[in-house]
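Enquirer: Before I ask anything, let me first share the structure, which is written out below as structure tokens.
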Amino acid sequence: MSAQYSPADFQPLTFHDAVPAFKDGTDNPRKYLERCLETIETREPVVRAWVEMNIPASRSAADASTKRYQAGRELSTIDGMPVGIKDMLMTKDMRTRMGSPLFEGNYTKQDSACVQALRSAGAIVLGKTVTTELGMSHPGPTTNPFDPLRTPGGSSSGSAAVVGARMVPAAIGTQVVGSVIRPASFCANYAIKPTLGALNRGERLGFSQSHIGIHAGDLHDMWQVSIEVAKRSGGDPGFPGLYGGTVLHAAARPARLIVMEAEGAPELDEATKGAFDSLLSDLHRAGVEIIGRTDHPLVEAFEQAISESLAISRDICAYEMRWSLENLLEQFGGGLSESLRSRLDIARKMTLDDYRLVLSKRDAARAAHHAISNIADAIISPSSVGPAPTLNNKGVDSGVIHTTGLPNYNAVTSVLGAPTITMPLLAIHELPVGVQVIGQQHTDDGLAGIARWISQTIHERPV
């Protein structure tokens, strides 16, 4: 059964606003966790977003958090927050199966950097959320929390769905092409794909474009999870980590925004285009100047530089994962989906010079993005080309089949390594569609302020 979605009426599960009651004793983290578990019991049979859960350990962690609040010694702003972890990331107490039957018994007995940081902050690592196969295109069993006949997006399918279904207030995802922002768009999440390297990727360093991202019910929880993780695990080796304060940046009205077409505009459905254009009109009436590619030559140069982002991402991912896929085939003799085999075929045809060429195109895109840094405060676009497609769809871009939705508005931000925040501002035929703002590298904090202002100022757009 489908659930009608309206951004004006939908009440996400949030955490930061429950903390005052923890401090005065009228509520506590254990009770909060039990409410989450009740929702999971009700919704999980259809949504199917969890791979594995450690409920006994989570209850023990919630009890310990409750005692800390009673003593006035909470560890952080997210102490007691139940979170889901995408099953691409290691957890010492649960398997890490990465959406593949080849890893069914994969007990690493280690925590990824961000998981270790969450535990240190007092957050409750409730369970592992479904990912597509090895974080690529082949889907898992998860359904969209607003329509079980539709995809939740991918590859962070379960992380987006558990937040959209109000099972937990936040979840960790990863993105190499569009795996945080697109599913967040489909599941009515706020989400951040931060500056490349801003959150320690831990074992995910094998992809030069991989990012750790945060799904949440609102901007406050999204930011607080991000910054509390950053304070404890930092960024990637050699990177300065996420900049910003412990609390969400104050709302900040942008003076000028660039509307990005990228490879998404030709695929944008008419209803979503109309709603997004109406939102842009609202921004203009609120005093924000809106410009596009025909208004400035450097914006046109930027659009041209990012016009191959899907192919760039496809080839970089294929080349960088070839060694691991070859190892899996040698070890298991099979077990890879048609989708992953197609990526391996691409990689086997690539030479080192091919890889160098595609890296040069990525460098050019990043240079063109930096060149527009003084033209506007941020870039804005839809977060997806429309609402979530049906589970059996076969969307194709750059020769790769995507059953979890086209990443045409997402590949560009992964190529740029730029911070991106999506907001659930549109409702298209009673399904959520996000709007994203994109900043220059290391402007995550200020970008959150822009997202906060837009979310507070602009009326939601149902169509």
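Enquirer: Just order 334-342, 303-311 by mean Cβ neighbour count inside 10 Å, highest at the front, would you?
Expert: Numbers: 334-342: 15.7, 303-311: 21.0.
Those peptides, ordered most packed to least, come out 303-311, 334-342.
Enquirer: Please give the per residue accessible area of the range 144-243, computed with a probe of 1.4 Å over protein heavy atoms only, in Å².
Expert: 18
Enquirer: Follow-up question, since we're still on this one. Hey, with R₀ at 35 Å, roughly what FRET efficiency would A64 and A8 work out to, going by the Cβ-Cβ distance, to 0.05? Please report the intermediate quantities before stating the final value.
Expert: On the way: r = 38 Å, r/R0 = 1.09.
For R0 = 35 Å, the calculated efficiency reads 0.35.
Enquirer: Please state the shape class of the range 211-337: rounded when a/c is under 1.5, otherwise prolate if a/b exceeds b/c and oblate if not, all from the C-alpha gyration tensor.
Expert: It comes out oblate by the Cα gyration axes.
Enquirer: For a quick check: with amide H placed at 1.01 Å from N, whose amide H comes under 5 Å from A170's, ignoring anything fewer than 5 positions away on the same chain?
Expert: G84
Enquirer: Could I ask something else about it? So who's got an amide H within less than 5 Å of the one on E289, skipping anything under 5 residues away but keeping other chains? H placed 1.01 Å off N, in plane.
Expert: Close amide H contacts, sequence-distant or interchain: R256, L257.
Enquirer: Using the Cα centre as the reference, give the magnitude of the dipole from point charges on the C-beta atoms of the range 16-233 (Lys, Arg: +1; Asp, Glu: -1; all else neutral), rounded to the nearest 20 debye.
Expert: Dipole magnitude for the range 16-233 comes out near 360 debye.
Enquirer: Loop-only check: which trypsin sites (Lys or Arg not before Pro) in the range 359-463 are DSSP coil with at most 11 other Cβ within 10 angstrom?
Expert: Passing sites in the range 359-463 are K394.
Enquirer: Just the accessible area per residue of the range 355-398, please: how many Å² with a 1.4 Å probe?
Expert: That works out to 45 Å² per residue.
Enquirer: Using only the Cα atoms of the range 330-382, build the gyration tensor, take square roots of its eigenvalues as a ≥ b ≥ c, and label the shape rounded, prolate or oblate: rounded if a/c is under 1.5, else prolate if a/b is larger than b/c, else oblate.
Expert: Numbers: a/c = 4.94, a/b = 2.14, b/c = 2.31.
Cα axes put the range 330-382 in the oblate bin.
Enquirer: Additional query: When only the heavy atoms of the protein chains count and the probe is 1.4 Å, how do E289, E34 rank by accessible area, highest first?
Expert: E289, E34
Enquirer: Still on this structure: Roughly how much of L205 is accessible, in Å² to the nearest 10, using a 1.4 Å probe?
Expert: For L205, solvent-accessible area is about 80 Å².
Enquirer: If you bin the C-alpha pair distances of the range 256-460 every 10 Å from 0, what whole percents do you get?
Expert: Using 10 Å bins, I get a P(r) of 8, 31, 33, 19, 7, 1, 0 for the range 256-460.
Enquirer: So what's the back-of-envelope 222 nm ellipticity for the chain, counting only DSSP H runs of four-plus at -39500 (n - 2.57) apiece and dividing by all residues, rounded to 500?
Expert: -12500 deg cm²/dmol
Enquirer: A follow-up question, please. Determine, for each peptide in 89-95, 66-72, the mean count of other beta carbons within 10 angstrom over its residues, then list the peptides with the highest first.
Expert: Ranking the peptides 89-95, 66-72 by packing returns 89-95, 66-72.
Enquirer: Accessible area, 1.4 Å probe, largest first: how do Y319, Y107, Y5 sort?
Expert: Y107, Y319, Y5
Enquirer: If you roll a 1.4 Å probe over the chain with all protein chains in place, what percent of the accessible area is carbon or sulfur?
Expert: Result for the chain: 51 percent of the exposed heavy-atom area is carbon or sulfur.
Enquirer: For the range 116-169 and the range 245-274, what is the centre-to-centre distance using only Cα atoms, to the nearest Å?
Expert: Centre-to-centre distance over Cα atoms comes out at 24 Å.
Enquirer: Another one. Please report the accessible area of R293 (heavy atoms, 1.4 Å probe, ligands and nucleic acids excluded) in Å², nearest 10.
Expert: Its heavy atoms expose roughly 60 Å² to the probe.
Enquirer: Just how many % of Cα pairs in the chain lie over 27 Å apart, if you round to the nearest whole percent?
Expert: 49
Enquirer: How big is the accessible area of T108 in square angstrom, nearest 10, if you roll a 1.4 angstrom probe over the protein chains?
Expert: 30
The values are calculated or read from the model by the stated rules, or taken from the named source; none is laboratory data. Since this is a predicted model, take the numbers as computed values, not measurements. Backbone-built Cβ (ideal geometry, glycine too); neighbour counts: all protein chains shown. When the accessible area is computed, the model is the full protein with side chains, heavy atoms only, and any ligands, DNA or RNA have been set aside. Shrake-Rupley method; radii C 1.70, N 1.55, O 1.52, S 1.80 Å.
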